[in-house]
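Have a look at the structure below, then the notes.
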Amino acid sequence: MRSADIREQFLEFFRSKEHHKVKSSSLIPHDDPTLLFTNAGMVQFKSVFTGEESRQYGRAVSSQKCMRAGGKHNDIENVGHTARHHTFFEMLGNFSFGDYFKKEAIIFAWELLTDVYKLPKDRLWVSVYEKDDEALELWQDNSDVPNERIIRLGEKDNFWQMGDTGPCGPCSEILIDQGEEVSCGEDSCAPGCDCDRYLEIWNLVFMQYNRDSSGKMTTLPKPSIDTGMGLERISAVLQGKLNNYDTDLFSDIIGSITANTGTTYNRDEMTDISIRVIADHIRASTFLLSEGLIPSNEGRGYVLRRVIRRASRHARLLGLEEPVLHKIVGSVVDTMGHMYPEIVDEKDRTEKILRIEEERFIKTLQQGLNKLDSLIAETKKRNSDTLSGEEIFRLYDTYGFPLDLSRDAATDSGLKIDEAAFDKAMGMQKEKARASWVAEEAVSSGVYRDILERHGKTSFSGYETMEGKAEVLSIVKEGKEVDELNAGEEAELFIDPTPFYGESGGQVGDTGKILGDNVSIKVKDTKKPVGDLISHVVKVKDGTVKKGDTVMASVDEEKRRSIMRNHTATHLLHTSLRTVLGEHVKQSGSLVSDEKLRFDFTHFHGLDGEEIEDIENMINNAVLDNRTVITELKTIDEAIADGAMALFDEKYGEKVRVVSVENFSKELCGGTHCRSTGEIGPFVITSEGSVASGIRRIEAITGKAAIDHLRTRNGELKGIKEMLRTERPAEKIEHLMDDIKALRKEIETLRTSVSGSGGKDITEGVKEVNGTRVLTLRQDGLSTNELRTLSDNIRSKLGSGIVLVASVKDDNASFICSVTKDLLDRFHAGNILKEIVSSCGGRGGGKPHMAQGGTKETDKLDKALNIVYDIIKGTDN
């Protein structure tokens, strides 16, 4: 059975059981700082399980893209060495949000495995949590599994949680006996053993609890079901394979690898490991890059870079010295593109980024080799036989230099590595990375969740109006609910409805005021702490506000309109970038405030003046056209089918807002916008630059800010014209720059001339030492280049001899020593200079004919210059 059929039969089976088919969410979780990547099918339903969000359906089924590399769930080091470990994989899952529970989940699972997939019942085993008597009885009553093949296991095996915090509960695993030939051979081998005989194929999680940061578990609003079955694993079972890499999910990819590397699979174990690593990592890289992620040195981008570089490293082990990963992307697209069209759409861009990243890694690898060579030399110089584990880790972390390569080089040099120190440094780095992704607000949001459960999501009226009456539902001060707030106090106010926009989607939160019969409140910011619950960060100016009060909420209209101008302009910018630069451009981040807009996007080089001008012209022409801005509510599928652009790292509900600029752009967006482009006013790009490898950033302004900016620039230009007394300042400045360049050249010639002040020839200061002409000279204020020119001029004028010149500039002394060609058999400039600079605490060296050095101990300079005569005497004797 083909993997595509296995996936489709799973989805169709549960659709026949009244489950709503849900598309896979992004690999990059939205608004969940506890996770680096989506690592399970339930991630997109997390807020539904916790009661923060409701859906129109109570049952769901999905095939979810998952990634486990970095953070708690990290399988990267095992990939390639085992039959089942992957960084990227697909998770088939069915879910119930308070609809059905354990009984139905067990019945569905048994029916699918035995009636649809036709797995032999006598090879199936079941495990349950040791304290879950209910699940045990349900399996006995609703399946053909005999009692002796239903086993109890402890929390380590049969209690599931997504992370340190969040939904969790007991689980029941379904395993298949793959036979004694893959057993570990121990008498104790049984379900729960780490060998391959009893293979877990499906995990049924009975979601009953939510664990907070203190470890406390509270019962979820409605007991729910979350199941997960890896497509790679069930495909191997149904295709009669003992290794996931032998399934049709990998066959074409491995075929492409062997074709591009000139290798053969299943002939040599070490070669097979490298092929499997590349096969897994190219899938992960292709999917992550298709979602707009870019390799970088932090967070998710760092994990992506590690994955790419690990694959590239294994390509080197297969004998390739040139980039190859981009050539394998097509096989991933051919295998999985029918299910995930985004990898088809982004194929060209993915290939380009992979080629650039691999080229960069090859150069970095050589840098790492050079660093390792230096480290080996320093270690031997100390008469040590052990390379520093911390330094080897630094090579690994900075240059992506693998430990095994360092180990090989150390062995070749008769050394070993302090691997305990390496492991310690690695552990600290992992802990640091993991800590950076621990949710601060998310894990302490109990008070917000309580408010959401009592009052539901906040009704936002800000699309239609900027003020309106509202009821004060709750007041939160220092993390706790209070009944009232008095003058001078600061807290969070929850009112309903509200015209205030809560910060989200890159748009900043509104500010303004809230007034009541006896109270005046300043709204300093507006946020969304949980789901669609809107929090107003306030300070009471006068009076007292209490829960239940009726108030008038008013948004700062001038600021909001500036935000709206910048947000609509951001949509125009996104489309213009894709038109001018190409379809590979993807939004990578944004900020929309009242002062400016900032837009990060994927692109591989800086924009030239003509490209920036084209983009500005395209946007300003759209403004002059005064195109209508239309907002519609559609289902997500309708919006995408209608051509709306969606962002992979955004989370969208069943109904989405589609913001369309007439005949120009169409995007999914929950922000506030102008009614027509004419309201934007002038658009000016103020800066463009790089923020990371492959990521560019544009900052721009609109409206009054743009007018003020242009007026300031015009004033500066007017001042320059008056200063230069010309109407053509650029032409005048060009002439002045030519004059300055000529004068600098003239000054340099004078400063490096062999003629001193008053026209005296400085070569007259030559002394003879044992028949060798020697000249020393100190001339302060010269740069190193000027000093070198002076030395060359003196040497040419001298004809035969040794020249030592020095100069003090910016509290540093520089030396240049030169020896004429006829004396090179007797004197070495580098050796002479080393002895001179060592006498004054400096460093230097060079070639036989010329050497340079320096020192910070300028007070010893004159004495150091005179040492040359003694050196010449000693050398000549």
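The values are calculated or read from the model by the stated rules, or taken from the named source; none is laboratory data. Given the structure is predicted, the values throughout are model-derived calculations rather than measurements. Neighbour counts run over all protein chains shown; Cβ positions are idealised from the backbone, glycine included. Keep in mind that these areas ignore ligands, DNA and RNA; they rest on the heavy atoms of the full protein, side chains included. Shrake-Rupley method; radii C 1.70, N 1.55, O 1.52, S 1.80 Å.
Side notes on the structure shown:
- Computed helical MRE - 222 nm, the chain, DSSP H runs ≥ 4 contributing -39500 (n - 2.57), nearest 500: -12500 deg cm²/dmol
- For the stretch 353-420, with all protein chains in place and a probe radius of 1.4 Å, 46% of the accessible heavy-atom surface sits on carbon or sulfur.
- Remark on the stretch 75-212: hydrodynamic radius 16.2 angstrom, per the Kirkwood mean of 1/r across alpha carbon pairs.
- In the stretch 706-798, GluC sites (Glu not before Pro) in a DSSP loop with at most 16 other beta-carbon atoms within 10 Å: Glu727
- Cα-projected label distance for Met339 with His605, points at 7 Å along beta-carbon direction, nm: 3.9
- Per residue, the solvent-accessible area of the stretch 496-546 (1.4 Å probe, heavy atoms of protein chains only, all protein chains present) comes to 39 Å².
- Compared with the dominant Cα axis of the chain, that is its longest principal axis, helix 133-142 is turned about 60°.
- Pairwise FRET efficiency - Glu557 versus Arg2, Cβ, R0 = 60 Å, nearest 0.05: 0.50
- The stretch 74-101 residues near the modelled Glu269 label - backbone nitrogen below 12 Å, point 7 Å along Cα→Cβ: 81-82
- The chain: angle of helix 269-290 to the longest principal axis, Cα-based, in degrees nearest 10: 80
- Surface accessible to a 1.4 Å probe, Thr631 within the full protein complex, Å²: 60
- If you plug the beta carbon distance of Asp212 and Gln239 into 1/(1 + (r/R0)^6) with R0 = 56 Å, you get a FRET efficiency near 0.85.
- Among 36-46, 183-193, 230-240, the order from most to least packed when residues are scored by Cβ within 10 Å on average: 36-46, 230-240, 183-193
- Computed label-point distance, nm, for sites Ser413 and Ser687 using a 7 Å Cα→Cβ extension: 4.2
- When both the stretch 462-483 and the stretch 685-708 are represented by their alpha-carbon centers, they are found 35 Å apart.
- Value of D in µm² per second that Stokes-Einstein yields for the stretch 529-601, Kirkwood Rh from Cα pairs, at 25 °C (0.890 mPa s): 157
- Contour excess over end-to-end distance, with Cα ends at Lys522 and Ala487 and 0.36 nm allotted per residue: 11.5 nm
- Counting only alpha carbon atoms, the long axis of helix 729-751 and the longest principal axis of the chain meet at about 50°.
- The chain: C-alpha gyration tensor shape, a/c 1.5 cut-off, then a/b vs b/c: oblate
- Among the lysines of the stretch 653-774, pairs that are 8 or more positions apart or on different chains and have alpha carbons within less than 28 Å of each other number 13.
- FRET efficiency, 1/(1 + (r/R0)^6) with R0 51 Å, evaluated for Met737 and Lys21 via beta carbons: 0.15
- Mean projected area in nm² (Cα convex hull; one quarter of hull surface) for the stretch 655-727: 8.6
- Cα-Cα over 26 Å, subset of Lys216/Lys524; Lys809/Lys873; Lys23/Lys596; Lys513/Lys586; Lys65/Lys352: Lys216/Lys524; Lys809/Lys873; Lys23/Lys596; Lys513/Lys586
- Computed with a 1.4 Å probe on the full set of protein chains, the accessible area for Ile733 sits at about 70 Å².
- With the simple spin-label model, which puts each label point 7 Å out from Cα in the Cβ direction, the Ile612 to Asn831 separation comes to 5.6 nm.
- Each residue of the stretch 513-530 is assigned a 3J(HN,Hα), and the resulting list reads 8, 10, 10, x, 4, 10, 8, 10, 10, 9, 8, 8, 6, 9, 10, 10, x, 8 Hz, derived from the Karplus form 6.51 cos²θ - 1.76 cosθ + 1.60 (θ = phi - 60°), x at Gly and Pro.
- Estimated translational D of the stretch 170-297 in µm²/s (Stokes, Kirkwood radius over Cα pairs; 37 °C; 0.692 mPa s): 181
- Taking only the C-alpha atoms of the stretch 760-805, the Rg (one decimal) and the largest Cα-Cα distance, Dmax (whole number), read 10.6, 32 Å.
- Within the stretch 345-389: backbone nitrogen closer than 14 Å to the Glu321 label point (7 Å, Cα to C-beta): 362-363, 366
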